[in-house]
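Notes follow once the structure below has been shown.
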Amino acid sequence: MQIKKILTVLPLLVSMMLFSSCGDYIGKEKEHPFFVKAGACKASGNYKEAAEYYEEFLNVCPRSPITHYELAALYGDNLDDPFKAVYHYQRYLELAKNSPDAENVSKFIEISKRKAFDSLSKQFESAETAKAYAEAAKVKKMLDQYVAYSAKLREQNTLLRNQNSEMRARIEKFSRDSSEFRKTVQNLKKQMEQPDPAEPGQKTGTAVLPPDGRKSGPAENADSWENAKVAASSSSSTAAGDGNTKPVSQTENTKTAIAAGGVATVAGAVTTPSAQKTHKVVKGDTLYNLAKKYYGSSRYYRLIWDANKAQLGEKGMLRIGQELVLPPLPGEKR
């Protein structure tokens, strides 16, 4: 194979030496047999042989910029020899200083230098260095996981802060609403506690009734009809004890009848409930004063309440304009 190659190259060398010198081929490289043969080998994919022909041509014409460029491209792109690629790219820049491709060639040089460095690193890399690289890769992976976890935590913290802010706003709103509600309740309580001008001690338009079995209040203790009952009883007892019959006045009979749970029929004395069947509630009315007005005693308030419980309710609340039914006293017929 080598003999065949020598026999092929030898005629070319002889013809080159006989043809002319290097200066005659700068710019006319495609006319030289070595350059033509190198181009044919490159086109057919025989990169190593093409490089050899380009090198032979450089022996004939070492200052050919295009030949250095072709060799640099072959070594850098096809033959994986970045060192020779750097050399021929630099020679190209030296020989073609005004080339429009100078900027791109400089970038090719940097790429080839990085490849050369990586190649040297792999050649002289020891077992410890490989272990260090493995550890560094492991640490990098852990750092990447930590960064991702930290980003997730930040996102969760942001969400929690937003939720806390919303919760604080709700609590503040609830606090304001509660404060307003307390003020409203206090105002209502003050209004309910204000005495009615017509009857001190009673609330205007309402009657909060005590439960059964309550002690009589001052109003009932001061009831003239209750006092009349006691007086009538005392008079009857005195008369029976003395054995003398004393005439009883019409007024005393009326009081005695009312105290016994009846209704007086004396003209001009008291209006009977049988003639007054309903009552329209006005300001200042209470069940106590209505019972006293229509039955002669406030102790009959329960009678009015039970008869109108559907509209008064369990608390016996009066409202202005209500139409109250006035039932007859127990044992009385309408």
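The values are calculated or read from the model by the stated rules, or taken from the named source; none is laboratory data. Note that this is a predicted model, so its numbers are computed, not measured. Glycine also receives a Cβ, built like all others from the backbone with ideal geometry; neighbour counts cover every protein chain displayed.
Miscellaneous remarks
- Pairs, first part of a helix (DSSP H, G or I) in the stretch 132-147, second surrounded by fewer than 10 Cβ atoms within 10 Å (Cβ to Cβ) and of a type in the set (S, T, Y), C-beta under 6 Å, six or more apart: none
- From the options Y25, Y75, Y87, residue that is crowded, with 18+ Cβ neighbours inside 10 Å and at pLDDT 90 or above: Y75
- For first residues located in the stretch 320-334 and among the polar types (S, T, N, Q), partners that are surrounded by 13 or more Cβ atoms within 10 Å (Cβ to Cβ) and at pLDDT 90 or above and lie 6+ apart or on another chain with Cβ distances below 7 Å form the pairs Q322/V281.
- Within the stretch 269-294, being at pLDDT 90 or above, part of a helix (DSSP H, G or I) and among the hydroxyl-bearing types (S, T, Y) holds for Y288, Y294.
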